[in-house]
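S.K.: Mind having a look at this structure? Questions to follow.
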Amino acid sequence: MWAKVRSGKALGEIEFLLHARGKEGARLVRQKLFACRVKLPDGQGSLFSVTCVIAQEIGAPKDVKPIEWRLLTSREADNLEAVAELIDWYRARWAIESVPQAHRKEVRNGLTNCVEATRKMRVGPSGSAFRSGPQTTPSCCAQEPWW
């Protein structure tokens, strides 16, 4: 399936700033985008359609492993704008998911406590709440929800 996606013509390129992660600093990333609609078995004798997306980094620094993302989605995306939007959604999701991971790491390493980690997740670095609805304490605490 992935070979079929890559064998097609690239839809185009996107460029974005990859935020610092771990020991790696922030850097500009350029990716070539490929997409293809395929049918997969649904386990009940029928087929369903999905869009397979490959975002392959080009021109990565020599000391860094090039980033390649493979996404599978039920959304139709057959042009550069639609595929770039999918990539943006996933990048936003990964950024959001990295916040609790970072705070769990702080708690594990003794740099903060669960109450402070929860406050940071609720309020964020700017001091304004960026989450709404029911929220729980970080999973590292195994405590009752804070509300």
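A short reminder: the numbers here are calculations on the coordinates, not readings from a lab. It should be emphasised that the depicted structure is a prediction, and the values quoted were computed from it without experimental measurement. Every residue, glycine among them, receives a Cβ derived from its backbone with ideal geometry; neighbour counts consider all protein chains shown.
S.K.: Are any of the pairs Lys9/Lys32; Lys39/Lys65; Lys4/Lys39 more than 22 Å apart by Cα-Cα distance, and if so, which?
M.R.: Long pairs (Cα-Cα over 22 Å): Lys39/Lys65.
S.K.: Neighbour counts of other C-beta atoms within 10 Å: give me Phe34, Phe16 arranged from fewest to most.
M.R.: Fewest-to-most ranking of Phe34, Phe16: Phe16, Phe34.
S.K.: I would also like to ask the following. Which loop trypsin sites (Lys or Arg not before Pro) in region 12-89, with loop taken from DSSP, have no more than 13 other Cβ atoms within 10 angstrom of their Cβ?
M.R.: Lys23, Lys62, Arg75
S.K.: Tally Lys and Arg at +1 and Asp and Glu at -1 over the other residues with C-beta under 11 Å from the C-beta of Trp69: what net charge comes out?
M.R.: Working: positive: Arg70, Arg91; negative: Glu57, Glu68.
Once positives and negatives cancel, what remains is 0.
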